[in-house]
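Please treat every number below as a calculation from the coordinates, not as lab data. The model shown is predicted, which means the values in this text are computed figures rather than measured ones. Quick reminder, even Gly has a Cβ in these numbers, built from the backbone with ideal geometry, and neighbours come from all protein chains shown.
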Amino acid sequence: MTVNIFSDVEDDFRDRYSIYLRTMKQRIYDTYLGFNELEDERKMVNQQVIRTPGRRGEMIKNEEIDKEFSRRYNDYKISRELP
């Protein structure tokens, strides 16, 4: 019962955080123009991990940030391949 509750809370946190990450701006690939909000979020989470290691929330945040970078990179690659 408690494992199910924790997994539901974790899934909810992942969903809300991934939606939050999608609203962040990131600079255009191959240029130095634009915002770096997503990269700044990664730096902030990594600093928090250094201060308080082992917290599940920061591990989840790192995983979701990696997924968001991968998603954006794949979208970028697909858009560049289309004629």
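In plain terms, the chain from Ile50 to Ser79 could stretch by 6.8 nm, reckoned as 0.36 nm per residue minus the Cα-Cα distance.
About the Cα centre of segment 2-81, what is the dipole size in debye to 20, counting +1 per Lys and Arg Cβ and -1 per Asp and Glu Cβ, all else neutral?
Values: 16 positive and 17 negative charges, 49 e Å.
Rounded to the nearest 20 debye, it is 240 debye.
Here each label is just a point 7 Å from Cα along the line to Cβ, and for Ile60 and Phe13 those points are 0.4 nm apart.
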